[in-house]
Amino acid sequence: MPLMIALAQINPTVGDIQGNLDLHRRILTQVGDQAEVVIFPECALPGYPAQDLLFEKAFLTDLQVALDALAGDVSDQWVIVGTVRQKGGKLYNTAVVLHNAQIHAYRDKSLLPTYDVFDEDRYFTPADKIEPVALTLSTGDALRTGLHICEDLWDRAYDIKVCDVLVEQGVDLFVNISASPFRVDRDPRRRELIVEKVRSLKKPYLYCNLVGGQDELVFDGHSLACDESGQLVSSAAAFKEDLIYIPFPLDTMTATAPATTLSRVEELNDAIVLGIRDYFRKTGHREALVGLSGGVDSSVVAALAVQALGSEQVIALTMPAVYSSSRSEMDARTVAQNLGIRFEVLPIEPLRREMQDMLEPFFQGTESGVAEENLQARIRGTLLMTIANKREALLLTAGNKTEVALGYATLYGDMAGTLAPIGDVSKSDVYGLARYINDREEQEVIPQTVLDKVPSAELAPGQVDPFDYEVVSPLVDELILNRATDEELVDKGYNPLLVTEIRALIVKAEYKRRQAAPSIRVTGKAFGVGRRYPIVNRYGH
């Protein structure tokens with residue numbers, strides 16, 4: 001009989017130590033005697049990233065108590081658990097090997113990422129040793145396991161090559177426990193790295209990744225097993241919990257599942273849906289509120305919210321004012337009907353007139369302009385937040401990345417909200433999501449009239465958005481994601497005056513983004529914790 005290994009792709013919650021302990025216990029009960037080795041993801045016991053919770057002494061004490069309790073549950077199995085340990089006043093991101101009610105070994109993370117959303121140098125100390133862990137099996141054989149953690153795989157930019165060091169010491173199998181967050185095309189890149197490592201070092205590889213949403217991050221799972229030739233033996237589901245069993249030695253003839261292959265738009269959809277669902281579930285909320293304008297952005301947000309929470313948990317409001325078109329209200333109503341969600345019309349024109357009259361002493365002698373336009377958006381934001389507050393619901397804001405980048409959003413108006421589901425999605429990809437939702441449902445959930453109309457905030461007569469999104473949306477991506485220079489962009493065919501204008505708008509809008517709701521990260525550079533630009537910034541001026 002081959003050795004059976006279980007990869008437990010689980011969805012813990014940061015800080016819920018008891019809940020995470022119970023989750024580990026449920027998996028061990030489910031596995032029973034079906035596997036001799038059970039592997040959990042990186043930092044699954046505290047949740048990842050725990051950030052400054054790690055500076056709380058009580059948190060670390062409770063975490064150790066939970067680990068000891070879990071160890072007491074383990075008999076003759078080998079269980080690998082991701083957690084944080086404290087030693088000599090230092091913290092380590094660690095993999096703990098449990099066996100026979102004891103802690104058998106620790107293996108600490110060697111390579112600590114400090115880029116984009118990662119800040120592990122702030123908390124952790126690198127491993128002071130790299131060596132295999134020998135697991136003595138029921139057969140009496142010793143399985144020399146090259147246990148390492150997440151970034152230890154991504155070693156191209158580091159002097160230390162963890163897997164190479166482990167091979168030099170003699171290993172039978174690589175095991176990587178990971179908390180690798182999603183971004184578009186991340187899974188193929190991970191697989192490429194693993195296959196490259198396996199083919200170079202001639203050792204089979206097990207990869208166990210976290211799944212679930214945590215603040216702006218989404219972890220996509222995609223755990224897998226590769227044999228020593230680099231062939232995929234088994235893979236776990238994308239964007240949901242999964243438990244897969246791997247026979248060892250690995251053999252492609254016993255492959256249990258093909259690789260999960262999703263298109264770009266499917267990845268975006270599934271990542272955002274998981275991010276919304278877990279944000280609500282893990283914060284203890286059920287109901288979502290959406291300001292449904294009849295435009296493509298709010299329509300897509302409403303559709304994603306329904307996927308995540310169910311139609312009965314989503315409420316849509318449209319709030320017409322003097323410049324709102326009947327077409328927009330009709331489109332908003334149609335979207336709500338197609339989604340099966342509650343829909344209310346709350347006209348704001350009387351309130352707008354009253355407030356503008358109140359402000360007349362301050363506006364007297366000036367031309368009507370942006371302040372008057374934004375007043376409408378701020379009335380809507382205030383009403384939506386108040387209704388959400390009253391219902392203990394969460395307001396979803398519908399701004400997309402292109403608009404937020406350019407500052408084409410009203411602070412305390414349409415930017416009001418608790419979560420921005422498409423805040424890291426370009427305008428081009430928003431349209432792609434809308435078409436995908438329609439194709440998947442085999443009906444026009446989002447009417448073609450919404451997709452065809454010229455985008456407009458409808459805050460002034462005849463107003464339309466001042467950008468050609470077919471040009472500007474990819475340009476913003478070039479500037480934010482690729483950090484392209486003006487020269488590179490001009491070489492690609494962009495108008496130099498447009499490049500200068502868009503770059504200046506991005507810099508100018510930083511103060512707004514600093515106050516925005518967290519957005520679900522789906523690209524390599526979101527407007528969140530991974531982007532740290534100064535608000536006061538005169539570079540290039």
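Which of the residues belonging to the stretch 123-164 are surrounded by fewer than 22 Cβ atoms within 10 Å (Cβ to Cβ) and assigned to a strand (DSSP E or B)?
133, 134, 136, 142, 143, 144
Those residues that are of a type in the set (Gly, Ala, Ser) and over 24 Å from the mean Cα position of the chain (by Cα), I need them from the stretch 184-226; list them, please.
Correct list: 200 only.
Can you tell me which residue is nearest to residue 235 (Cα to Cα) among those in the stretch 1-19 that are at pLDDT below 95 and part of a loop (DSSP other than H, G, I, E, B)?
Step by step, filter the stretch 1-19, then rank; the result is 2.
Which residues, counting only those in the stretch 263-296, are more than 16 Å from the chain's Cα centre (by Cα) and within 27 Å of residue 187 (Cβ to Cβ)? Spell out how you get there, then give the answer.
As a first pass, look at the stretch 263-296 and keep what is more than 16 Å from the chain's Cα centre (by Cα): 263, 284-296.
263, the sole residue that qualifies.
Out of all the residues in the stretch 141-151, is one or more more than 26 Å from residue 5 (Cα to Cα), at pLDDT below 95 and touching a Ser or Thr at 6+ places or on another chain (Cβ under 7 Å)?
no
Is the stretch 39-48 home to any residue that is under 14 Å from residue 86 (Cα atoms) and touching a Leu at 6+ places or on another chain (Cβ under 6 Å)?
Yes, there is a match, as at least one residue in the stretch 39-48 is under 14 Å from residue 86 (Cα atoms) and touching a Leu at 6+ places or on another chain (Cβ under 6 Å).
For the stretch 10-36, give me each residue that is in contact with an Asp or Glu (Cβ under 7 Å, 6 or more places away or on another chain) and under 20 Å from residue 207 (Cα atoms).
10, 11, 28
Restricting the first residue to the stretch 367-384 and requiring it to be over 13 Å from residue 460 (Cα atoms), which pairs with a second residue that is surrounded by fewer than 17 Cβ atoms within 10 Å (Cβ to Cβ) meet a Cβ separation below 6 Å and a spacing of at least six or different chains?
Close Cβ pairs satisfying both conditions: 378/412; 381/412.
I'm trying to understand the selection: among the residues of the stretch 495-541, which are of a type in the set (Phe, Trp, Tyr) and closer than 21 Å to residue 418 by Cβ?
Selection gives 511, 527.
Out of curiosity, is residue 474 surrounded by 23 or more Cβ atoms within 10 Å (Cβ to Cβ) and within 25 Å of the chain's Cα centre (by Cα)?
No, not satisfied.
Do we find that residue 96 is within 20 Å of residue 125 (Cα to Cα) and either out of contact with any Leu (no Cβ under 6 Å at 6 or more places or on another chain) or outside the structural domain of residue 149 (by TED's automatic domain parsing) (or both) in this structure?
yes
The values are calculated or read from the model by the stated rules, or taken from the named source; none is laboratory data. From a predicted model like this one, the values you see are computed outputs, not experimental measurements. Every residue, glycine among them, receives a Cβ derived from its backbone with ideal geometry; neighbour counts consider all protein chains shown.
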